[in-house]
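Q: Sharing a structure below in structure tokens format, with a few things to ask.
Laboratory data are not the source of any read-out in this text; all were calculated from the coordinates shown. What you see is a predicted model; the values in this text were computed from it and never measured. With ideal geometry, Cβ positions are generated from the backbone for all residues, glycine too; neighbour counts draw on all protein chains shown.
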Amino acid sequence: MHPNTETASRILASNEMFSFLLDILPLDSGEADEEEGGGGGGGTAQIINEKIEFIRERIPADKSPDYPGRQFEITKIGIDRKESKPFQNCFIQEFERINKLCETITLTLTTLKLAQEGKASFTDEIETAMSCLL
């Protein structure tokens, strides 16, 4: 690939990755909800379920059947790992990190949902995830 074409394609892929990250972030702190409704009346379970659904909408778990939560196919980027340069290695590593982060989030939310339904036990990890969501 011509160096200019390669740079342009990497910029597009990077923009896609960063827009994905920005889409995951919540747009507000949730303080307005507490002031308006006095807590919403649903308790912590409802708050956690809403946040789980908010995150699940932004990180679909079914993009990759083998790895739930994976968002980017690194093999489709078109970089030969044996002949890659340092910037290309960094580029691939960032996509791998984002994929791992999304996989971890998806698995944690799935386990948290199962624990709330009584199908899995609450572990320290799940309780930490639950308190982080609150």
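Q: I need LEU112, LEU12 ordered by Cβ neighbour count within 10 Å, fewest first. Before the final figure, lay out the partial values.
A: Values: LEU112 22, LEU12 10.
In increasing order of surrounding Cβ atoms, one gets LEU12, LEU112.
Q: Which whole-Hz couplings ³J(HN,Hα) result when phi for each residue of the stretch 76-81 is put into the Karplus expression 6.51 cos²θ - 1.76 cosθ + 1.60, θ = phi - 60°, listed in order with x for Gly and Pro?
A: After applying 6.51 cos²θ - 1.76 cosθ + 1.60, I find 7, 5, x, 10, 7, 5 Hz.
Q: In the stretch 78-124, which trypsin sites (Lys or Arg not before Pro) fall in coil by DSSP and have 10 or fewer other Cβ atoms within 10 Å?
A: LYS119
Q: What lysines sit close enough to LYS82 to cross-link, taking a C-alpha to C-alpha distance under 27 Å and skipping anything fewer than 8 places away on the same chain?
A: Within the straight-line cut-off, LYS82 pairs with LYS63, LYS100.
Q: Where does each of THR110, THR128 land when they are ranked from fewest to most other beta-carbon atoms within 10 angstrom? Don't skip to the answer; put the middle values down first.
A: Numbers: THR110 16, THR128 11.
Ascending Cβ contact count within 10 Å gives the list THR128, THR110.
Q: Taking θ = phi - 60°, what integer Hz values does the Karplus form 6.51 cos²θ - 1.76 cosθ + 1.60 yield along the stretch 84-101, in sequence order, with x for Gly and Pro?
A: Result, rounded to whole Hz: 7, 9, x, 5, 5, 4, 4, 4, 5, 4, 5, 5, 5, 5, 4, 4, 5, 4.
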